[in-house]
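None of the figures in this text is laboratory data; all of them are computed from the coordinates on show. Keep in mind that this is a model prediction, so the values were computed, not measured. Every residue, glycine among them, receives a Cβ derived from its backbone with ideal geometry; neighbour counts consider all protein chains shown.
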Amino acid sequence: MIPEGADLVFLVGLILTVAFIGGRLSNRVRLPEVTGYIFVGILLKLFLDLLGLIKHQRLELLLGEHLGQVPQITLALIAFIIGGSLPIGRLKRLGRGIAWIGMMEGFGAFFCVTLLTFVVAPHVWAVPPIEGISPIKSVFAFALLLGALSAATAPAATVAVIRELRARGDVTTTLLGVVGFDDAVALFIFTFASATASGLLTIGAQVGSSLYETVALPLIEIVGAALLGIGMGFVAHFGSRFFRTKRETTVGALGFVLLSGGIAIGLGVSPLFTNMFVGFTLINLSPRNIRIFRSLGDIDAPIYAMFFTLAGTHLEFSNLGMLGALGGIYIVARFAGKLFGVRIGARLGRAPPTVRKYLGFGLLPQAGVAIGLVLVAKANPAFASFAPMLTNIILGTVAVNELVGPPCTAYALRKAGEVAGEKPPANSS
Amino acid sequence: MLLEEVELIFVLSVLLLSGYALGILAKRARLPEITGYIAAGIVLKQAIFWLGLMSDIKFTKLFSRDLIPINHLALALIAFAVCRGLRLEQMKQLGKGIICIASVQAIVTFVAVTIGVAVIGSYANLGGAPAGSFMNVLPLAIVFGGIATATAPAATVAVIRELRAKGPFTTTLLATVAMDDAIALLIFAFGITIAESLLTMGVATAGYGASRLWLRPLVEVVGSLCLGLLVGIAHHFVGAKVVGKVEMMTASLGIITFTSGLSMLLGLSPLLTIMAAGFVLANISRRNQRIFASIEGVQGPVFVIFFTLAGTQLHLENLFTCGIIGASFLVFRLLGKVGGARLGASIAHVKGPARRYLGLALLPQAGVAIGLMLVAQENPYLFAYRYVLVDVVLASVALNELIGPPFAAYALRRSGEAGLSRKTETSKTLGASEERYDS
């Protein structure tokens, strides 16, 4: 008799093993490990489907439900690490830049994608008409939503590349700050756009109907997360007095990170921001707390490897063909918007020149947050007519951005001369 | 139901933090940390039900179903880690005498407990399970015998440190406890295979000849060893290619988990397979110690979750109904350890304190015993006996952790080796095993 859960254990082992192989392969071709993990994840899913070792339904259940907790745990850790890499001393110098850039690149992508989609979409895809609503309105609503989704970036891939390259410097710090901050920006833009689009598509409703929904809800989510995070940061700081050995520190730190994430999910505030604030509070209460972050470095590698490989198994390539023009527009417009946004934001925030030049290349990865937001949009009945298209575009471009994004991030860090053990290229500065 | 909607991430954090907190308390009280973890699990479960925080269904889903992989992972890691010290080269240095004593006392304990429990168990209350003839109880007794061989290195090491003991007796003791876990796992893995097939035969006797009875366990054991051998060699070659510690951790963890899952899917014994792989790995090259070291970091959190989770799974309501079987387990284990050490010493022509006192110093039991109990409890064939298993092993661990260390101290004092050392040599002989799983 086969013990319960044997196939799950087998699958976890398989995922970790192929992740290791993927990491090796990507080292060979000098691509970031993340790209390798995602790539072998895609292959693994193909092979498993092809060989039929595990029944299709069972496989979906294992990957989706049983391993569905891995992303939450990983993102909690990632957010905690981002928060911990932003001590106030460094923020004083770069904080202005981070705030401006985070805002500008988010809005930049939003405007570019919305504008281009609005102009081009009617020519390449017949946006399904809705009875009683002028077609122009429904196209605009579609463009607004797509634009809003483009603002989000993926902190996980960014952090993984930075850790792998052991990068340090202004671009690195700004990048970490920006990927943390722009999720807040993305949330705001999305809530606003979603309310506006919903107003456009509802007969007789006034635009921007509910101030509460557009401004207060995201504000509550972010402020609530901040308060919870700061509170948990203090708790963890005092709790960490009991950490004697390194092993105790690892166990305790992991416990606090997961607890903050769990409470945040329970309260309905963003677990990502919560853990960012936990990390931020800890590092700023005492520089000695760095040991807490270091202790997690002992155990997080397999978690990341699993997370990205698992992400690879979830990517949908059957969508790519169908995407065609709209997906292409989305990717190009998003990239352009981010690049310009960074330039403008860097000027306004008086960021160092390397940041202005290279940071934009580090903002391509897109994953969990965007997918989460598109699922929210999907749940709104007002968007039923184009929700499938929206989902397909996001899922398809996530695949592209997750594969292409990390190498671009690595390129940006190399060009900026912030990679450990590598001399800055001659043409920099 | 306040916690009806919580997700696994929250449960994990609660397991980690509560286990960790009581673990520290236990350490302050000079008890093994693992006692604290298990206590935390028990308290957690009671708190959830008393305060009505969660429905039965939700509790079972989160704690029993969703977290099963953690159990498999933890046991795989334990089985892998005990192989670290099983280096033939190092064993040769210890001398034949020590190896003879260590293996004889384990085998004698196994036999004594198996027969003792089988005889007494045919008359005793088995916690709701059908009692019956000697042959009916034998499978359970075999499992008990396997569990009885396990000792707890950490408790013994703590006593030796405290008494600053040094000398041949101390060395023998350390070597014995270091090998005991591996021997216990090995005996248990064989034992449970045989027990399983005895039980299957019991269900569907007639028709099958005696040859069938031995075929299945034989296939399982040989298959597990072969798979382990292959995996061990493969792991060695992978390890030789990897430089970074972080990369090594991912690779090793992947291979161990994969092997454990594959072994289960093939109907083999994951414990035996992984131990075979670990043994091969430890003996191919000294450089492979890096592989064992790479997964130490993950073990901490995994074990805290594993043992705290174990606490939530215990059925304490039957604790006192299995008194007779529990008592016979304790008594026969004591007799087996003391008598076995004597027998081993006389076979190896070792005289002096090792012959007289070693058995007394081998009483403490903790992590490995509980781990094995959990494997047995999860085994579908032993389902009817799960309450007896849990109660007896827990009672034994609790009692032996309390009286074991004083007995060990007594043995060390009588051997005349107490206070002979300025610094303890424990860390050298035992390697990292102390921090391993049951300090």
Handout entry: For the range B:380-395, Karplus couplings with θ = phi - 60° (6.51, -1.76, 1.60), whole Hz, Gly/Pro x
Key = x, 5, 9, 3, 5, 9, 4, 5, 4, 3, 4, 5, 5, 5, 4, 4
Fill in the blank from the handout: Most fluctuating of A:Ser150, A:Ser260, A:Ser134 in the GNM of chain A (C-alpha, under 10 Å) is A:Ser134
Handout entry: Directionally averaged projected area (convex hull, Cα atoms, the protein assembly as shown), nm²
Key = 39.1 nm²
Exercise for the section: Would you list, by chain and number, the lysines whose Cα falls below 19 Å from the Cα of A:Lys55, excluding same-chain residues fewer than 8 positions away? Expected result: A:Lys45
Practice task
With springs connecting C-alpha atoms under 10 Å apart, model chain A as a Gaussian network and identify which of A:Ala325, A:Ala225, A:Ala197 has the largest mean-square fluctuation.
Solution key: A:Ala325
Exercise for the section: Calculate the mean, over all residues of peptide A:18-28, of how many other protein chain Cβ atoms lie within 10 angstrom of the residue's Cβ. Expected result: 3
Fill in the blank from the handout: Footprinting proxy, B:Lys92, A:Lys378: sorted fewest to most Cβ within 10 Å, the residues are B:Lys92, A:Lys378
Practice task
For chain A, just say rounded, prolate or oblate: build the C-alpha gyration tensor, square-root its eigenvalues into a ≥ b ≥ c, call rounded for a/c under 1.5, and beyond that prolate if a/b exceeds b/c, oblate if not.
Solution key: rounded
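For the range A:240-348, which trypsin sites (Lys or Arg not before Pro) pass both filters: DSSP loop (anything but H, G, I, E, B) and at most 12 other C-beta atoms within 10 Å? Mind showing how you got there, number by number?
On the way: sites: A:Arg241, A:Arg244, A:Lys246, A:Arg247, A:Arg288, A:Arg291, A:Arg294, A:Arg334, A:Lys338, A:Arg343, A:Arg347; in loops: A:Arg244.
Sites meeting the loop and neighbour criteria: A:Arg244.
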Exercise for the section: Let me have the 222 nm mean residue ellipticity of chain A computed from DSSP H runs of 4+ only, each contributing -39500 (n - 2.57), with the sum over all residues rounded to the nearest 500. Expected result: -25500 deg cm²/dmol
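Just counting partner chain Cβ atoms within 10 Å, what average do the residues of peptide A:67-78 show around their Cβ? Spell out each step's value before the answer.
Working: counts 1, 2, 6, 1, 0, 5, 4, 0, 1, 2, 0, 0.
Per residue, the number of nearby Cβ atoms from other chains is 2 on average.
Of A:Phe293, A:Phe280, how do they rank once you tally other Cβ atoms within 10 Å and put the fewest first? All intermediate terms of the calculation are to be shown ahead of the outcome.
Working: A:Phe293 18, A:Phe280 26.
With the fewest neighbours first, A:Phe293, A:Phe280 line up as A:Phe293, A:Phe280.
Helix hunt in chain A: which complete DSSP H runs extend at least 18 Å axially by C-alpha with mean Kyte-Doolittle at least 1.0? Intermediate values should be presented prior to the final figure.
Numbers: long enough: A:6-28 (33 Å, 1.35); A:33-51 (26 Å, 1.69); A:69-84 (23 Å, 1.63); A:88-124 (51 Å, 1.03); A:135-150 (23 Å, 1.71); A:170-201 (44 Å, 1.37); A:217-239 (32 Å, 1.73); A:246-267 (31 Å, 1.04); A:271-285 (21 Å, 1.33); A:300-314 (21 Å, 0.65); A:318-348 (41 Å, 0.96); A:387-415 (39 Å, 0.71).
Helices meeting the criterion: A:6-28, A:33-51, A:69-84, A:88-124, A:135-150, A:170-201, A:217-239, A:246-267, A:271-285.
Could you put B:His235, A:His237, A:His123, B:His72 in order, starting from the residue whose Cβ has the fewest other Cβ atoms within 10 Å? Mind showing how you got there, number by number?
Values: B:His235 23, A:His237 20, A:His123 8, B:His72 26.
Exposure proxy ranking, most exposed first: A:His123, A:His237, B:His235, B:His72.
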Handout entry: Average beta carbon contacts from partner chains per residue of A:300-307, 10 Å cutoff
Key = 5
Exercise for the section: Run down the lysines and flag those whose C-alpha is under 18 Å from the C-alpha of B:Lys58, throwing out any fewer than 8 positions away in its chain. Expected result: B:Lys45
Completion exercise
Straight-line reach check, B:Lys337, cutoff 30 Å on alpha carbons, 8 or more apart in-chain or any other chain, hits among lysines -> B:Lys27, B:Lys92, B:Lys96, B:Lys166, B:Lys351, B:Lys423, B:Lys428
